[in-house]
Amino acid sequence: MPGESSDSESIKVTGIVAAYGRRSDRELVSACLNNNQAAWEALIHRYQNLIFAVALKRLQSRADAEDVFQNVCLKLLDHLSELRSADSLKSWIAMVTTRECGQIFRRSNTVLLSDTVEDSDMEDRYVSIHADPSVSPEEEVLAGVRRFEIQQAMQQLSPECRKLLELLFSEQDEVSYAAVAEEMNTPVGSIGPRRARCLERLRVIMDRLNG
């Protein structure tokens, strides 16, 4: 029946994520190096959002982002055994994704630029269009990795903790405990202690994911 194949694939991926989702990068990399296909699929599933987020921000094209995703996955497969530390995996993936975005930008703009323009000039143009000039590429990558780590850990919090932290640390300049208490239908005095407990749980989860 139509859709059965995609549904079965989705169930398979969900099962893999459930089985491997709580394993650290180090454990997943070790399993991948032992030719564990399920660990490889779990590793890719873990980092696909990071790759697409970086690519879409820089290239603003879904098709180009998909090309970047494929290229990064191939490079990861080729170089996984060469990583000096699994602890650096997130930074490595973000850096490679950024470089792949630059490569695709240069290729797609070759016909628009003079033959006398150097690669470095094209890279400068790419950076000026797609990045904040006040932030270095290294700082941007590290900030993106940190945001990804937090988002990944947040998904493992209870719904109540996740909602509380999302309300407290929203993009608004200031969010009062009174407003959060009203939104969550809970006493104002409970917000501070619950905030502390949820942040501690978040820290424990992030330590485990980075272990």
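Just a few scattered comments:
- R125 passes every criterion in (1) modelled with pLDDT under 65; (2) loosely packed, with under 14 Cβ neighbours inside 10 Å; (3) assigned to a helix (DSSP H, G or I); (4) more than 20 Å from the chain's Cα centre (by Cα) apart from (2).
- Residue in region 67-86 that is within 26 Å of R208 (Cα to Cα), among the charged types (D, E, K, R) and out of contact with any helix residue (DSSP H, G or I) (no Cβ under 9 Å at 6 or more places or on another chain) present: yes
- Test: A18 is of a type in the set (A, V, I, L, M), modelled with pLDDT under 90 and exposed (fewer than 15 other Cβ atoms within 10 Å of the Cβ): yes
- Taken over region 38-66, the criterion of being surrounded by fewer than 19 Cβ atoms within 10 Å (Cβ to Cβ) and not hydrophobic (A, V, I, L, M, F, W, C) is satisfied by E41, H45, Q48, N49, K57, Q60, S61, R62, E66.
- Within region 128-180, being at pLDDT below 90 and charged (D, E, K, R) holds for D132, E138, E139, E140, R146, R147, E149, E166, E171, D173, E174.
The values are calculated or read from the model by the stated rules, or taken from the named source; none is laboratory data. Given the structure is predicted, the values throughout are model-derived calculations rather than measurements. Counting neighbours? That spans all protein chains shown, and the Cβs are built from the backbone with ideal geometry, glycine included.
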